[in-house]
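In what follows, a single structure is set out as structure tokens and then discussed.
Derivation of every value follows stated rules applied to the coordinates shown; laboratory data play no part. Fair warning: this is a prediction, and the values are worked out from it, not measured in the lab. We place every Cβ from the backbone using ideal geometry, glycine too, and count neighbours over all the protein chains shown.
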Amino acid sequence: AAVQDWSDFGVLLGMLLVNAVLGFREELKAKAALAALTDGMEKTVTVLRDGAPKTLATRELVPGDVILLRGGDLTPADVDWLGGDVLAVDTAALTGEPLPRTYPSQEDGTL
């Protein structure tokens with residue numbers, strides 16, 4: 001009976017080790033695939049420079065750049081809102097609120 005217990009233990013231990021190795025390998029592959037996808041997606045933004053719109057990488061932004069935003073765009077930095085009708089901002093990641101927060105147009109451009 002004791003030999004049967006040890007053989008069962010060995011089989012179960014082997015299955016656990018194989019499962020752990022395969023799970024670790026799959027997790028590494030998933031992380032590598034995600035890194036490849038995010039590396040290929042450079043974040044860009046449209047800014048006004050010298051009176052003309054230009055598309056730049058977000059890392060090239062400097063203080064004072066005027067960013068042109070459209071519906072669905074993400075703000076790449078802290079911004080002052082210069083104008084528009086109504087601005088709806090999804091702050092769910094920061095506040096947990098499920099609905100976008102709306103801001104009416106203001107003279108001073110502050111949110």
Practice task
Scan segment 15-36 and give yes if some residue there is in a helix (DSSP H, G or I), farther than 30 Å from Val79 by Cβ and polar (S, T, N, Q), otherwise no.
Solution key: yes
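The rows are residues; the columns are (1) of a type outside the set (Val, Ile, Thr); (2) part of a loop (DSSP other than H, G, I, E, B).
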{"residue": "Asp39", "(1), (2)": "yes, no"}
{"residue": "Pro53", "(1), (2)": "yes, no"}
{"residue": "Val62", "(1), (2)": "no, yes"}
{"residue": "Asp73", "(1), (2)": "yes, yes"}
Problem - Filtered residues of segment 37-84 (kept if farther than 24 Å from Tyr103 by Cα, surrounded by 10 or more Cβ atoms within 10 Å (Cβ to Cβ) and of a type in the set (A, V, I, L, M)) - result: Leu56, Ala57, Leu61
